Amino acid sequence: MTRHQKRLSVPKSWPVERKTATWTVKAGAGPHGEAGVPLLIVLRDVLGYVDSRKEANYALNQGGVLVNGDVPSSVERPIGMFDILAFGDRDEFYRVFPDEGGRLALTPIDADAAGSRLGKIVRKTQVTGGDVQLTLHDGANVRVDADSEYATGDSLVIDNEDKEIVAHFVYEEGALVTAVAGSHAGEIGEIEEITVTPGSGDNVVTVSQDDGGFETVEDYVVVIDENFTEDDSEEADE
């Protein structure tokens, strides 16, 4: 299997230049599906911390890079929406957040914020024993009691160390959300209305902002809280 991919065919979310070269590294198996950006691209092309795959492998072997609190097993590990990257030796921490146009960008955060990550519930199923399994947007699974009040579309904050739920944000009118795809990717506002479409059509979400608002499909919005706004970068610089 090839370890390379043509730049012109990479997903729009990848933060790479498409016409500077023919090939780039291919994402390995893991979270986020095809939208996940290989860690090597983040380290080399976005942050400029390494110049080659060899240097990136060395950084991983030294434990200098953590993704969601864990040492990645490969530089091809896909990095995607709301992942937390920590560089302990540099005392630098980043959250992957949608930028305008849908590209993934790194938002500087402080060490406390780097201790947990956000996940959108995309599926809820009952498992053996009567418990419920929640599947998050990145493919991670969380097992909860059957009587737990979690619903598809809600967001959870997961502790990176013990993988326990530390916060729950309900998908409802009035909730703060960000668009993660579509023409409004990267924009933040409050849900004004959720319009349920009969049949198999996508539900539509109307989002209000101080200077207007926008409409998008339900799959494109994720519930967040005020800690996920631009104030994060300001706190990290203090």
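The values are calculated or read from the model by the stated rules, or taken from the named source; none is laboratory data. No experiment lies behind these values; they were computed from the predicted model shown. No Cβ is skipped: glycine too gets one built from the backbone with ideal geometry, and neighbour counts run over all protein chains shown. Please note that ligands, DNA and RNA were not included when accessible areas were found on the heavy atoms of the full protein model with its side chains. Shrake-Rupley method; radii C 1.70, N 1.55, O 1.52, S 1.80 Å.
Could you tell me how many of the residues in segment 72-101 are outside any strand (DSSP E or B) and either touching a residue at least 40 places away in the same chain (Cβ under 8 Å) or on the phi < 0 side of the Ramachandran plot (or both)?
Summing the residues that are outside any strand (DSSP E or B) and either touching a residue at least 40 places away in the same chain (Cβ under 8 Å) or on the phi < 0 side of the Ramachandran plot (or both) in segment 72-101 gives 16.
Failed condition for His184, given (1) in contact with a Ser or Thr (Cβ under 9 Å, 6 or more places away or on another chain); (2) part of a strand (DSSP E or B), with all others met?
If we test His184 against (1) in contact with a Ser or Thr (Cβ under 9 Å, 6 or more places away or on another chain); (2) part of a strand (DSSP E or B), just (2) comes out false.
Can you tell me which residue is nearest to the chain's Cα centre (by Cα) among those in segment 61-71 that are farther than 19 Å from Ile109 by Cβ and in a loop (DSSP other than H, G, I, E, B)? Give the derivation first.
Of segment 61-71, the ones farther than 19 Å from Ile109 by Cβ are 61-63, 71.
Next cut, in a loop (DSSP other than H, G, I, E, B) only: 62-63, 71.
Working: Gln62: 25, Gly63: 22, Val71: 17 Å.
Out of the qualifying residues, it is Val71.
Could you say whether any residue in segment 146-157 is part of a loop (DSSP other than H, G, I, E, B), of a type in the set (A, V, I, L, M) and exposed (fewer than 15 other Cβ atoms within 10 Å of the Cβ)?
The answer is yes; a qualifying residue exists.
Restricting attention to segment 106-117, and to residues there that are closer than 19 Å to Leu39 by Cα and hydrophobic (A, V, I, L, M, F, W, C), which single residue is most open to solvent (accessible area, probe 1.4 Å)?
Leu106
Looking at segment 81-105, which of the residues that are modelled with pLDDT under 90, under 16 Å from the mean Cα position of the chain (by Cα) and not charged (D, E, K, R) is surrounded by the most Cβ atoms within 10 Å (Cβ to Cβ)?
Per the criteria, the residue is Leu104.
Here's the yes/no breakdown for (1) on the phi < 0 side of the Ramachandran plot; (2) of a type outside the set (Asp, Glu); (3) in contact with a Phe, Trp or Tyr (Cβ under 6 Å, 6 or more places away or on another chain):
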{"residue": "Asp131", "(1), (2), (3)": "yes, no, no"}
{"residue": "Thr135", "(1), (2), (3)": "yes, yes, no"}
{"residue": "Asp138", "(1), (2), (3)": "yes, no, no"}
{"residue": "Ala146", "(1), (2), (3)": "yes, yes, no"}
{"residue": "Glu149", "(1), (2), (3)": "yes, no, no"}
{"residue": "Leu156", "(1), (2), (3)": "yes, yes, no"}
{"residue": "Gly174", "(1), (2), (3)": "no, yes, no"}
{"residue": "Ala179", "(1), (2), (3)": "yes, yes, yes"}
{"residue": "Glu192", "(1), (2), (3)": "yes, no, no"}
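I'm trying to understand the selection: among the residues of segment 158-168, which are surrounded by 14 or more Cβ atoms within 10 Å (Cβ to Cβ) and either among the hydroxyl-bearing types (Ser, Thr, Tyr) or part of a strand (DSSP E or B) (or both)?
Once the filter is applied, which keeps residues that are surrounded by 14 or more Cβ atoms within 10 Å (Cβ to Cβ) and either among the hydroxyl-bearing types (Ser, Thr, Tyr) or part of a strand (DSSP E or B) (or both), segment 158-168 yields Ile158, Asp159, Ile165, His168.
Go through the residues of segment 123-136 one by one and say whether even a single one is open to solvent by 60 Å² or more (accessible area, probe 1.4 Å) and acidic (Asp, Glu).
no
So which residues in segment 102-116 are in a helix (DSSP H, G or I), closer than 17 Å to Val177 by Cα and among the hydrophobic types (A, V, I, L, M, F, W, C)?
Result: no residue meets the conditions.
Okay, residues lined up against (1) at pLDDT below 65; (2) buried (at least 16 other Cβ atoms within 10 Å of the Cβ):
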position: Trp23; (1), (2): yes, no
position: Ala27; (1), (2): yes, yes
position: Gly30; (1), (2): no, yes
position: Glu34; (1), (2): no, no
position: Val37; (1), (2): no, yes
position: Asp51; (1), (2): no, no
position: Lys54; (1), (2): no, no
position: Leu66; (1), (2): no, yes
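Determine whether Ala185 is outside the structural domain of Val46 (by the TED database), within 16 Å of Gly80 (Cα to Cα) and small (Gly, Ala, Ser).
So Ala185 passes the test.
Every residue, every condition in (1) touching a strand residue (DSSP E or B) at 6+ places or on another chain (Cβ under 7 Å); (2) open to solvent by 40 Å² or more (accessible area, probe 1.4 Å), yes or no:
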position: Asn141; (1), (2): yes, yes
position: Val144; (1), (2): yes, no
position: Leu176; (1), (2): yes, yes
position: Gly189; (1), (2): yes, no
position: Asp202; (1), (2): yes, yes
position: Gln209; (1), (2): yes, yes
position: Asp219; (1), (2): no, yes
